[in-house]
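Written out below as structure tokens is the structure these notes cover.
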Amino acid sequence: MTEQKTISKSLRFDTFKRDAFTCQYCGQRPPDVVLELDHIHPVSKGGDNDEMNLVTSCFDCNRGKRDKVLKDYVPRPDADLAWLEMQQELSELRRYNDAKAMRDDAILETIGTLEDHWQSVFGVDWVPIEKIMKAWIKTFGPSEVEMAIDLATFKKMKGYISDSGLIKYVAGILWKRKRGEDAQAARD
């Protein structure tokens, strides 16, 4: 005999709610009776705690039924409704996954565009690591990143910034612009 997990309070409540807080054998309701959960297919005969195997029963009916298997009892849960709810959930999960994959692809494409721009305007054959570009895009947006690269170009052309200082300088421009210090960023 396998040991059954305790039925959670939420599953117990959901089953009572599904069954309209009514004993499914005799039709009585509280406060006239105390409700319990009954296993349609008894645990002692291999039944489990799945919601489709649980039914609301009053104390007396549950004790009267004991561990008998009710062959002619059709569980009250609407299987079609449960199937539709699962299909809806699956559809929502697939839509989320599809949208996330499209977003991730778009981010990678944007990173590629910004990397090309970086190499073009700075005349270098390297780019910041993908993690940095992703963080900049997420925090500032791609157009701000492009603008910061363009602003840093002037300092690079005048020789005020070395190749090794480009990432730090572009990051500084982005943060200054984010703080509304556009005029200061242009002067630096």
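Numerical summary
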{"item": "Every pair of residues 6+ apart whose Cβ atoms lie under 6 Å, when the first sits in region 28-50 and is in the same structural domain as D60 (by TED's automatic domain parsing) while the second is part of a strand (DSSP E or B) and not polar (S, T, N, Q)", "result": "Q28/C58; V33/C58; L37/L54; D38/V55; I40/V55; G47/H39"}
{"item": "In region 127-175, the residues that are assigned to a loop (DSSP other than H, G, I, E, B) and either surrounded by 12 or more Cβ atoms within 10 Å (Cβ to Cβ) or in contact with a strand residue (DSSP E or B) (Cβ under 9 Å, 6 or more places away or on another chain) (or both)", "result": "V127, P128, G141, Y160, I161"}
{"item": "Test: L114 is loosely packed, with under 15 Cβ neighbours inside 10 Å, under 31 Å from the mean Cα position of the chain (by Cα) and part of a helix (DSSP H, G or I)", "result": "no"}
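The values are calculated or read from the model by the stated rules, or taken from the named source; none is laboratory data. These numbers come from a predicted model, not from an experiment. Cβ sites come from the backbone with ideal geometry, for glycine too, and all protein chains shown count toward neighbours.
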